[in-house]
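Only one structure is covered here, and it is reproduced in the block below.
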Amino acid sequence: MLEACRLHYNVHPIDIQAGAQYSEEFLRISPNNKIPAIVDEDGPGGEPISLFESGAILIYLAEKTGQFLSDSPLQRYKTLEWLMWQMGGFGPFLGQAHHFNRFAPEQIPYAMERYTKEAQRLWGVLDKQLSGREFVVDELSIADFAIYPWACRYEWQHVDTSDFPNVKAWMDKMAGLPFVERGMQVP
């Protein structure tokens, strides 16, 4: 989103494996000790603002720049609907699939099966939504920016993208956007 909006930004990597997300400095920005988080020195009224949670950050940046969140009420609410879908389902359940399929210190077959099946179900929901569409809500939006990075880790979710041709076509389209390519290179 930052690349797409051509906003200047500085990256401050947070080493979550070393516990940097628990530092007092980071907790002032992200009290939930999670990434991503941003500080905008030129926030509302010219005052600094810090924000955490990707959905809140995306809405803020869209409203600040007037990009990727339609002024049309119907299109706006559809975009917010799919953003919330990512935040409430796609991201959290895929995150659990990542954990149990890739990072858990021991294999727990029940958890692996549960989260892998839910990941595949959610991929099916997204595939149906993308049928006949270039982007999640017809035009490139914050919903695409929120969903895409999670879809990119399909192998951690034990998802075969050939089972979801509409998602695969969308992912190829997203990957081909120069600002997405640049953004995905940011550590």
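The values are calculated or read from the model by the stated rules, or taken from the named source; none is laboratory data. Keep in mind that this is a model prediction, so the values were computed, not measured. Quick reminder, even Gly has a Cβ in these numbers, built from the backbone with ideal geometry, and neighbours come from all protein chains shown. Calculation scope for accessible area: heavy atoms of the full protein, side chains included, ligands and nucleic acids excluded. Shrake-Rupley method; radii C 1.70, N 1.55, O 1.52, S 1.80 Å.
How high is the FRET efficiency between Glu63 and Asn10 when r is their beta carbon distance and R₀ equals 22 Å, given to the nearest 0.05? Working from the Cβ atoms, E equals 0.55. Only one of (1) 0.95; (2) 1.04; (3) 0.97 was calculated from the structure for Rg/Rh (Cα atoms, Kirkwood Rh), and its label is (3). Note on the chain: Lys pairs 8 or more places apart or on different chains, Cα atoms under 27 Å apart, count 14.
Measuring between their Cα centroids, region 68-147 and region 6-64 lie 22 Å from each other. Given a 1.4 Å probe and the protein chains as shown, Arg114 ends up with an accessible area of around 110 Å². Ligands, DNA and RNA excluded, the heavy atoms of Glu53 present near 80 Å² of accessible surface to a 1.4 Å solvent probe. Per the Debye calculation on region 79-127 with a single equal scatterer at every Cα and no solvent contribution, log₁₀ I(q)/I(0) for q = 0.16, 0.22, 0.30, 0.33 Å⁻¹ amounts to -0.45, -0.73, -1.06, -1.17.
Each principal axis of region 2-65 carries a Cα extent, and these read 34, 23, 19 Å when sorted largest first. Under the criterion of Cα pairs below 8 Å and six or more residues apart, the relative contact order for the chain equals 21 percent.
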